[in-house]
Amino acid sequence: MNCNIGVIRGDGIGPEIVAEAIKVLDKIGEKYSHTFNYDEILMGGCSIDATGEPLTEGAIEQAKKADAVLLGSIGGDPKTSPWYKLPADKRPEAGLLGIRKALNLFANLRPAYLYPQLKEACPLRDDIIGDGFDMMIMRELTGGLYFGKRETKEVNGKTEAYDTLSYNEDEIRRIAIRSFDIAMKRSKKVTSVDKANVLDSSRLWRKVVEEVAVDYPEITLEHMLVDNAAMQLVKDPKQFDVILTENMFGDILSDEASMVTGSIGMLSSASLNETKFGLYEPSGGSAPDIAGKGIANPIATILSAAMMLRFTFDMDKEADAIENAINKVLDDGYRTIDIMPAPGKDTTGITRVGTKEMGDLICDRI
């Protein structure tokens, strides 16, 4: 198969971790007789430096021509980077919001899975962890508070600001359908998270989700208020299968879920539109404090590439090969710094490796 992939290496550790994901994809191509073609796209701080804009129309057109886009990370240190002296719509993160909107990437998938080899990294007690947990957070990505009308203005001599949380039923229905479809391939349970006791947008959300559920009689649907969901994620994470929620709630809950797994460096994500097209990226940020040191964990980016194979190219066995290789590397005791045992813990059989070494080890096991 011939696959055209747009590559946004981005900022900070982005170029380092993307390089390892491409190395793994090339290994898959060699083993399974696929050809992966890469088109470099500028976005974020590196695009600001080159063009003055975090995302250009040319970059959007490049992305639209690709079958999928692999993204590293966007942004820098807000305290020191000149990018953050620019207006908000000219900063690196504006590029990420812009490409999501331009490509209609409304469905964000963030798996949160506790690897048994990394159980000690989980901050929760053993009696809470049990046999581990495996959930998929489905976040609506192009509506809600982040894309609503906003303004800062002077009113009677005082500064006032507002942001608008707005959804229509079509926006809700399409993410709900995608969530129920994915739940059908998992444990057939959807937890829809809202704030229906307060917000009109959440009451509409709940109504539409219930309408969609009628077409999925095998799925168990439950509703949960977002404050309770935040508590339940640390009280009993294994109760969840698919969590369906709106943009801002999903942003917060998915970060909480990622830290419950022990390291955000292990967590992939996908942002999909209504076709097979998707943008695939690690859940973590650009980590400018460790950029260039060769110690960043590339596994989340490599797992994101595996998601790309699975969801865009329907290459399930190839995606399985990557995931199995990662498990073998962890079984063999190799760790990047972020997933090393805590100080004072037994490190017998554990070997610390860098970014490139981890990519090589995974390739060797495919």
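Brief remarks on what is shown
- Global geometry of the stretch 284-366, whether rounded, prolate or oblate, following the gyration tensor of its Cα atoms and the 1.5 cut on a/c: oblate
- Pairs spanning more than 22 Å between alpha-carbon atoms, out of Lys119/Lys328; Lys64/Lys293; Lys119/Lys235; Lys64/Lys356: Lys64/Lys293; Lys64/Lys356.
- Between the stretch 106-133 and the stretch 33-95, the Cα center-to-center distance that results, in Å: 31
- Projected area, mean over directions - the stretch 180-327, Cα convex hull, nm²: 10.5
- Net +/- balance of residues flanking Ile290 in space, Cβ distance below 13 Å, scoring K and R +1, D and E -1: -4
- Overall form of the chain: rounded. Here a/c, set by the Cα gyration tensor axes a ≥ b ≥ c, is under 1.5.
- Restricting the stretch 126-219 to trypsin sites (Lys or Arg not before Pro) in coil, as DSSP defines it, with at most 12 other Cβ within 10 Å: Lys149, Lys185
- All Cα pairs of the stretch 132-227, percent lying beyond 23 Å: 34
- Value of relative contact order over the chain, rounded to a whole percent, pairs C-alpha under 8 Å and six or more apart: 21
- Computed over protein heavy atoms with a 1.4 Å probe, the carbon and sulfur contribution to the accessible area of the stretch 1-139 reaches 51%.
- Interchain or long-range residues, amide H under 5 Å from Leu165's placed H: none
- Between the stretch 317-339 and the stretch 190-254, the Cα center-to-center distance that results, in Å: 31
- Label-point separation, Asp163 to Asp364 (7 Å along Cα→Cβ), nm: 4.6
- Inter-label distance, Asn197 to Arg352: 4.6 nm, where each label sits 7 Å from its Cα along the C-beta direction.
- Contour excess over end-to-end distance, with Cα ends at Lys317 and Glu61 and 0.36 nm allotted per residue: 89.1 nm
- Averaged over its residues, the stretch 74-177 has an accessible area of 53 Å² per residue, based on protein heavy atoms and a 1.4 Å probe.
- Estimated from helical segments only, the mean residue ellipticity of the chain at 222 nm is -12000 deg cm²/dmol, where each DSSP H run of four or more residues counts as -39500 (n - 2.57).
- Comparing Ile13, Ile172, Ile290 in a Gaussian network model of the chain, where Cα atoms under 10 Å apart are tied by springs, the biggest mean-square fluctuation is seen for Ile290.
- Max mean-square fluctuation residue, GNM over the chain, Cα-Cα springs under 10 Å, options Pro237, Pro78, Pro116: Pro78
- Cα-based shape type of the stretch 186-238, given that a ≥ b ≥ c are square roots of the gyration tensor eigenvalues and the cut on a/c is 1.5: oblate
- Coupling constants for the stretch 67-78 follow from the phi torsions by the Karplus curve (6.51 cos²θ - 1.76 cosθ + 1.60, θ = phi - 60°), and in residue order they are 6, 7, 10, 9, 10, x, 7, 10, x, x, 7, x Hz; glycine and proline get x.
- Computed over the chain with a Gaussian network model linking Cα atoms closer than 10 Å, the most mobile of Ile182, Ile302, Ile128 is Ile128.
- Unit charges at the beta carbon, dipole of the chain: most positive-side option, Asn2, Trp205, Leu25: Trp205
- Cross-link reach list, aspartates and glutamates versus Lys85, counting only Cα pairs under 18 Å and skipping chain neighbours closer than eight places: Asp11, Asp49, Glu53, Asp77, Glu93
The values are calculated or read from the model by the stated rules, or taken from the named source; none is laboratory data. As the structure is a computational prediction, the values presented were derived from the model and not from experiment. A quick note on method: Cβ atoms are made from the backbone with ideal geometry, for glycine too, and the neighbour counts reach across all protein chains shown. For the accessible areas, the whole protein counts, side chains as well, though only heavy atoms, and no ligand, DNA or RNA atoms are used. Shrake-Rupley method; radii C 1.70, N 1.55, O 1.52, S 1.80 Å.
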